[in-house]
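Okay, so here's the structure we're looking at.
The values are calculated or read from the model by the stated rules, or taken from the named source; none is laboratory data. Given the structure is predicted, the values throughout are model-derived calculations rather than measurements. Cβ placement follows ideal geometry from the backbone for every residue including glycine, while neighbour counts extend to all protein chains displayed. What goes into the accessible areas is simple: the full protein's heavy atoms, side chains included, and nothing from ligands, DNA or RNA. Shrake-Rupley method; radii C 1.70, N 1.55, O 1.52, S 1.80 Å.
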Amino acid sequence: MGRVKVIVFGASGQLGGDLVRVLDKVKGKMGLEIEILALTRNQLDIRDKHKVKDIIFSFKPDFVFNATGWNDVDGAEKPENVKDVFELNSFCPLSIALLCDEVGANFVNVSTDYVFDGKKMSPYEENDEPNPLSVYALSKLFGEILVRKYSKKFIIVRSGGLYGINGSPVSGRAYRNFPEKVIENLLSGKKMKVVFDRFSAPTWTFDLARKISEMAFEGFCGLIHIMQLGEISWFDFACEVAKILKLDINLVEPVPEAEFKTPAQRPKYSVLKNSILEELGKNDMLEVKEALRQYLKQRGLLT
């Protein structure tokens with residue numbers, strides 16, 4: 001492949017930041033020379049179509065990774081936000097995909113496990129029928145449909161429960177991912193209510209970024225599920241954080257989902273099966289608890 005030019009939109013986010021880190025590590029391996037243009041949300045609002053076009057046309061990338069969008073699931077339910085939600089999660093990905101087609105670039109866009117309603121109660125495969133329960137999930141699904149219909153070279157990655165170093169205090173950002181919220185609460189001696197009847201396979205963005213970049217460079221095209229292996233309730237996941245770091249597990253209080261009223265409805269079960277990765281013999285994602293341990297090592301909280 002030789003020299004490869006890559007754009008990462010959303011480079012200050014959890015996944016975007018880890019994509020940049022992974023791509024930096026890949027340099028020198030596989031005989032690749034990679035030139036990365038990493039743009040944060042502050043540097044580029046993907047709704048600025050003219051600026052996006054100028055960047056893609058002048059840089060002429062081989063790959064464009066879109067790791068930005070509207071991610072505030074509850075905020076998406078507010079009527080005044082709906083237009084922005086669909087602009088960022090549906091129409092902007094389509095615009096970027098069409099620009100990628102013009103310059104011959106591969107477009108990689110990130111979707112969500114929330115496109116499913118969670119009623120199946122067993123891992124969802126790529127060909128299962130989506131049924132989004134929230135505005136956020138609907139906007140992500142609509143983005144998938146548009147890109148799949150109108151783009152030539154694309155990867156749509158479904159994943160969920162993301163956590164990474166850019167959602168921790170070391171990033172300098174205010175955003176805190178779920179493990180960090182658990183750590184902050186337990187360190188300060190606060191009780192934390194966590195749902196015991198909602199299940200996922202929370203995914204470490206560094207492991208996700210590794211697999212996304214691998215699939216992109218190997219020329220995969222299409223829709224794919226990439227999630228940690230196994231499944232766990234959010235309560236058990238919080239308890240696992242406490243156990244590994246030897247924090248007070250009694251501060252984690254199990255509550256049923258019915259007690260946890262949020263503006264957006266979430267699927268009770270949003271575990272994805274990496275069916276295509278399995279078929280290709282490439283399903284080497286870490287198991288849920290092992291991924292958490294590796295993240296806590298990356299954070300310097302574990303030796």
For this session: Look at segment 260-289 and say how many of its residues are in a helix (DSSP H, G or I) and either without any contact (Cβ under 8 Å) to a residue 40 or more places away in the chain or of a type in the set (A, V, I, L, M) (or both).
Result: 5
Exercise. Could you give every pair whose Cβ atoms fall below 9 Å, whose first residue belongs to segment 1-17 and is surrounded by fewer than 19 Cβ atoms within 10 Å (Cβ to Cβ), and whose second residue is assigned to a helix (DSSP H, G or I), counting only separations of at least 6 or pairs across chains?
Worked result: M1/M30; M1/G31; M1/F217; G2/G31; K5/F59
Exercise. Considering only residues of segment 38-78 that are over 30 Å from A137 (Cβ atoms) and not polar (S, T, N, Q), which is least open to solvent (accessible area, probe 1.4 Å)?
Worked result: F59
For this session: Output the residues belonging to segment 252-284 that are touching a strand residue (DSSP E or B) at 6+ places or on another chain (Cβ under 6 Å), buried (at least 17 other Cβ atoms within 10 Å of the Cβ) and either small (G, A, S) or more than 30 Å from E214 (Cα to Cα) (or both).
Result: V252, S270
Exercise. Can K140 be described as more than 19 Å from I276 (Cα to Cα), surrounded by fewer than 21 Cβ atoms within 10 Å (Cβ to Cβ) and modelled with pLDDT of 95 or more?
Worked result: no
Seminar exercise, completed: Taking segment 201-253 and keeping residues hydroxyl-bearing (S, T, Y) and either touching a residue at least 40 places away in the same chain (Cβ under 8 Å) or not in a strand (DSSP E or B) (or both) leaves T203, T205, S213
